[in-house]
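Here is the structure we will look at.
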Amino acid sequence: MDHNRIRLRSCSIDPLDLKLIIKLGFCFLIFFFFVSVVESSIHEYNNEPFTPQLNSFFFHGGSEGLYASKFLGDRTTTLTTPDDQQQQQEQQNPPINGKSFVRFESVTFRRTKEATERQNPMQQKTGLIEAILFEVKDRDRIGGSFVGSDALCCTPELAKNGNCKVGEVIIHRQENGEWPKRIQTFFEGKEEEAKMTPLSVEVDSTGMYYLYFMYCDPQLKGTVINGRTVWRNPDGYLPGKMGPLMTFYGFMSLAYLVLGLLWFLQFVRFWKDILQLHYYITIVIALGMCEMAFWYFEYANFNSTGARPMGITMWAVTFSAVKKTVSRLLLLVVSMGFGVVKPTLGGITSKVLLLGLVYFLASEALELVENLGNINDFSGKAKLFLVLPVALLDACFILWIFSSLSKTLEKLQMRRSMAKLELYRKFTNSLAVSVLLSVAWIGYELYFNATDPLSELWRRAWIIPAFWSVLAYLLLLVICVLWAPSQNPTRYAYSEETGDDLEEEGISLTGSVDTAAKTERKELVFGIGGEDLEEDKRE
């Protein structure tokens, strides 16, 4: 028991630091509240620099999983200008329904003044920047690997063999092939800025697509890019790997609705026999229902407009963080025997609430950055900085939960409360299975990410977050079944006299009182649950 007490204390936080943690957490949330909303199917470029890559300069313009268009237009008009698009819109209703494309909007390149001054004003084309759009399976067609060269830009030696043109990125296409796409933009004379012609590239094959902006001229060093590109799937603006999640959240909303209705019927049916714990379970069901509904509407709005609505996203993120926090607190207080072994949590209530508050702040910060951050994955260090606290707090919850379960089971066994003991054994087994599944799934996630660095398995990526939602739902379902409202809730409810527990097993009232007295003496002699005895005294 001393070992369990040490582990529990290692997970607790001194209540004297509560004010400081609340202030820091409040400032943390204020900071992330002002993170700019991101249109996640729209990649924004704001004075982004190019980085050296072999003998070229490179900028990653974005990557998305795209499904093939449901119907294809004229292949000769794959690249369309705004006027062409307007004509197509007049012929189609709706104009882009069923189309999958990447659209370049207001993309401009600005070079340095030093680079501009070195140019000849009489020369028409004084600098070239290329946009390369390709499917990830064709990545080996970018560069000179097919001729045994590591160069990305064409060199005079390669140009002599007719493999490429000097100053351009090397692209190897199959005969009559249109991919990878090359879109060229030239600087003219001593112009400091070059504007890319607005156009759309229609996608006719399902795959993970990458967009690179590249140039080969060293004199353009220091050039920056501005503008944006819009990526669309046939059924909407949701990125391919997020598309199935909208359907998933719709089904989960219905699942929580069904669970809520069944629980409500039981709740009303045995209204007079409701325990305090039942109200907490009801709150978790309601939070889960709201969370899934908000995520569904957030994805539906995003899919139709291409922009993540700030209001709905904030509500979805907040409900998600609150639901995760309350769910973990519910597991913790149930494991402590709240309402079954003890009527209150006693002096550790503040520690439980403090741990819940810290977890909420950490979870909210992570959710905000993941859903309102930049479309491109934020840096590994930043992600690690936000993921680690959540992971550590989850580990803290697990240690505290199983430590409390161990003491609760031991206390019930000492009191010979066989009905309650059986209930908690079923709960412990369910929780142990869920932990094992979580560990196995984390291992699968690590394997999935390690073996898929280029997101070629993007069509299966939605399963990763979906698993956690399903697991949380199943755990809640187990609690609802085990602690369902019934006509005789006192069988599992806390009672001051241990005799109530013994009467369940058919023991006489006199014998039960004697046994209860012996049990109390044993606890005092052997020092079992010293910390629990202090809590019982406070209660």
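Counting only residues that are at pLDDT below 80 and aromatic (Phe, Trp, Tyr), the stretch 346-392 holds 2 of them.
Remark: Phe251 falls outside the filter, which requires a residue to be touching a residue at least 60 places away in the same chain (Cβ under 8 Å) and surrounded by fewer than 20 Cβ atoms within 10 Å (Cβ to Cβ).
Scan the stretch 247-261 and tell me whether some residue there is hydrophobic (A, V, I, L, M, F, W, C) and at pLDDT below 90. Looking through the stretch 247-261, none of the residues is hydrophobic (A, V, I, L, M, F, W, C) and at pLDDT below 90. So, Val435, is that one out of contact with any Phe, Trp or Tyr (no Cβ under 6 Å at 6 or more places or on another chain) and over 30 Å from Gly243 (Cβ atoms) or not? Considered against the rule, which asks whether it is out of contact with any Phe, Trp or Tyr (no Cβ under 6 Å at 6 or more places or on another chain) and over 30 Å from Gly243 (Cβ atoms), Val435 comes out as yes. Gln119 satisfies every condition listed in (1) at pLDDT 85 or above; (2) within 19 Å of Phe186 (Cβ to Cβ); (3) not basic (Lys, Arg) except (1). Among the residues of the stretch 404-431, those that are surrounded by fewer than 17 Cβ atoms within 10 Å (Cβ to Cβ) and either outside any helix (DSSP H, G or I) or free of Cβ contacts under 8 Å to residues at least 12 places away in the same chain (or both) comprise Gln413, Glu422, Asn429. Of the residues Thr112, Thr108, Thr155, Thr116, the single one that is hydroxyl-bearing (Ser, Thr, Tyr) and touching a helix residue (DSSP H, G or I) at 6+ places or on another chain (Cβ under 9 Å) is Thr112. Within the stretch 117-138, is even one residue open to solvent by less than 20 Å² (accessible area, probe 1.4 Å), assigned to a loop (DSSP other than H, G, I, E, B) and closer than 22 Å to Leu54 by Cα? There is no residue in the stretch 117-138 that is open to solvent by less than 20 Å² (accessible area, probe 1.4 Å), assigned to a loop (DSSP other than H, G, I, E, B) and closer than 22 Å to Leu54 by Cα. When Asn161 is tested against (1) surrounded by 16 or more Cβ atoms within 10 Å (Cβ to Cβ); (2) within 24 Å of Pro218 (Cα to Cα), exactly one condition is not met: (1). Only residues that are farther than 17 Å from His60 by Cα, over 29 Å from the mean Cα position of the chain (by Cα) and assigned to a strand (DSSP E or B) were counted across the stretch 206-231, and they come to 0. Look at (1) free of Cβ contacts under 8 Å to residues at least 24 places away in the same chain; (2) part of a loop (DSSP other than H, G, I, E, B); (3) over 24 Å from Arg111 (Cα atoms) and you find that Lys165 fails only one, number (3). Checked against (1) in contact with a helix residue (DSSP H, G or I) (Cβ under 8 Å, 6 or more places away or on another chain); (2) over 18 Å from Ala131 (Cβ atoms); (3) open to solvent by 10 Å² or more (accessible area, probe 1.4 Å), Met292 meets all criteria but (3).
When the criteria are applied in full, Thr325 fails the requirement of being in contact with a Lys or Arg (Cβ under 9 Å, 6 or more places away or on another chain) and either at pLDDT 90 or above or open to solvent by 10 Å² or more (accessible area, probe 1.4 Å) (or both). Just one residue in the set Gly260, Gly177, Gly189 is over 22 Å from the mean Cα position of the chain (by Cα), over 20 Å from His60 (Cβ atoms) and not assigned by the TED database to the domain that holds Leu133; that residue is Gly260. Looking at this structure, is Ala316 among the hydrophobic types (A, V, I, L, M, F, W, C), open to solvent by less than 20 Å² (accessible area, probe 1.4 Å) and either in contact with a helix residue (DSSP H, G or I) (Cβ under 7 Å, 6 or more places away or on another chain) or not assigned by the TED database to the domain that holds Ala461 (or both)? So Ala316 fits the description; yes.
Do we have any residue at all in the stretch 195-205 that's hydroxyl-bearing (Ser, Thr, Tyr), outside any strand (DSSP E or B), surrounded by fewer than 16 Cβ atoms within 10 Å (Cβ to Cβ) and touching a Phe, Trp or Tyr at 6+ places or on another chain (Cβ under 9 Å)? Yes: the stretch 195-205 contains one or more residues that are hydroxyl-bearing (Ser, Thr, Tyr), outside any strand (DSSP E or B), surrounded by fewer than 16 Cβ atoms within 10 Å (Cβ to Cβ) and touching a Phe, Trp or Tyr at 6+ places or on another chain (Cβ under 9 Å).
Among the residues of the stretch 451-490, those that are open to solvent by 80 Å² or more (accessible area, probe 1.4 Å) and under 30 Å from Leu66 (Cβ atoms) comprise Pro453, Glu456, Arg459, Arg460, Trp468.
Is it true that some residue in the stretch 130-138 is modelled with pLDDT under 85, under 29 Å from Ser455 (Cβ atoms) and among the aromatic types (Phe, Trp, Tyr)? No, that holds for no residue.
The values are calculated or read from the model by the stated rules, or taken from the named source; none is laboratory data. Computed from a predicted model, the values in this text were never measured in an experiment. Cβ sites come from the backbone with ideal geometry, for glycine too, and all protein chains shown count toward neighbours. Note: areas computed on protein heavy atoms with side chains; ligands, DNA, RNA excluded. Shrake-Rupley method; radii C 1.70, N 1.55, O 1.52, S 1.80 Å.
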